[in-house]
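Input: a single structure, listed below in structure tokens.
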Amino acid sequence: MDDLPSLAIKKSLEGNWKDAIEINRRIIQTDPTNTEALCRLAKAYTETGKLKEAVFFYQKVIRVDPLNQIAKRNVERLKLNKSSQIKPPHSERLGSSTFIEEPGKTKTVSLVKLASHDVINRLDPGDQLKLTAHQHSISVCLSDGTTIGRLPDDLAARLLPMIKSGNLYSALARSVNFNTVKILLREEKRSKKYQATSSFSLSDHASYQTYNPPEISPDDQLASTTEDGPSEDQPT
């Protein structure tokens, strides 16, 4: 069970929506109030054009978390676009390998100084982000340059000299709500000056997850129930 959220994210980044649906449904079978899995499931249904199912699971998120404005926004957007597939206009996706965490080269970070709800409302898990280095801080931005937050000061202080020396980093949204935005940072290039220096502390290795989950048999698909939503075989 512990590896399933990571595998679900990986399948979403690959655009393998069928497997993403199956895995997220397995997660909510044992944890029906898991809003992250419910949101991922609704997103996967949106991407496959099954908007009725997408609305169903976003509404389940709202029942669990009535203040979840992202789910509310998506319900409204889906109801207004019943015949089309919706994707945020700014959205850029990274390959699934980018989400594989490696001690010293990747780090999951909670942003500080978050932007307004209107800005966070534009962000979805899996969206590619950009880092903008300032003299004493590092901003995290959408692809159009809109700032969504900043890296914590201690991490910014560590990375700024590395960035100035030529280190390159990628970033993507890992989980999103209006109070917390977590991103995955990945070191893409190490400058000559810092060839022997890890970007992130190796002591964080206990929190890293690897993608080596068990095989998922088609027989493990969830049976259809009224509570769990439509089955995969039900026409839409």
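The criterion of being in contact (Cβ under 8 Å) with a residue 60 or more places away in the chain and closer than 11 Å to Leu184 by Cα holds for Leu111.
Among the residues making up segment 180-196, those that are loosely packed, with under 13 Cβ neighbours inside 10 Å and in contact (Cβ under 8 Å) with a residue 24 or more places away in the chain are Thr180, Lys192.
Listed by position, the helices (runs of 4 or more DSSP H) inside segment 1-53 whose residues that are closer than 22 Å to Lys72 by Cα, of a type in the set (Gly, Ala, Ser) and free of Cβ contacts under 8 Å to residues at least 40 places away in the same chain number at least 2 are 35-47.
Taking the conditions (1) at pLDDT below 75; (2) under 22 Å from the mean Cα position of the chain (by Cα) in turn, Leu155 satisfies each one other than (1).
The single condition among (1) at pLDDT 85 or above; (2) more than 11 Å from Leu111 (Cα to Cα) that Pro214 does not satisfy is (1).
Suppose we keep only residues that are small (Gly, Ala, Ser) and farther than 29 Å from Asn16 by Cβ within segment 120-148. Which one would you say is surrounded by the most Cβ atoms within 10 Å (Cβ to Cβ)? Even if it seems obvious, please write down each step before you answer.
Filtering segment 120-148 for residues small (Gly, Ala, Ser) gives 126, 133, 137, 139, 143, 145.
Then drop every residue that is not farther than 29 Å from Asn16 by Cβ, which leaves 133, 137, 139, 145.
Numbers: Ala133: 16, Ser137: 16, Ser139: 21, Gly145: 10.
Among residues in segment 120-148 that are small (Gly, Ala, Ser) and farther than 29 Å from Asn16 by Cβ, the one surrounded by the most Cβ atoms within 10 Å (Cβ to Cβ) is Ser139.
Which residue is modelled with the lowest pLDDT, if the candidates are limited to segment 89-139 and must be touching a strand residue (DSSP E or B) at 6+ places or on another chain (Cβ under 7 Å) and in a helix (DSSP H, G or I)? Here the residue is Thr98.
Close Cβ contacts (under 7 Å, 6 or more residues apart or on different chains) running from residues in segment 135-152 that are touching a residue at least 40 places away in the same chain (Cβ under 8 Å) to residues that are among the basic types (Lys, Arg) comprise Val140/Arg150; Leu142/Arg122; Ser143/Lys130.
If the condition is being out of contact with any helix residue (DSSP H, G or I) (no Cβ under 7 Å at 6 or more places or on another chain) and either under 19 Å from Leu13 (Cα atoms) or at pLDDT 90 or above (or both), then segment 53-78 contributes Phe56, Arg63, Pro66.
The values are calculated or read from the model by the stated rules, or taken from the named source; none is laboratory data. Small disclaimer: the values here were computed from a predicted structure and weren't measured. Note that we place each Cβ from the backbone using ideal geometry, even for glycine, and neighbour counts take in every protein chain shown.
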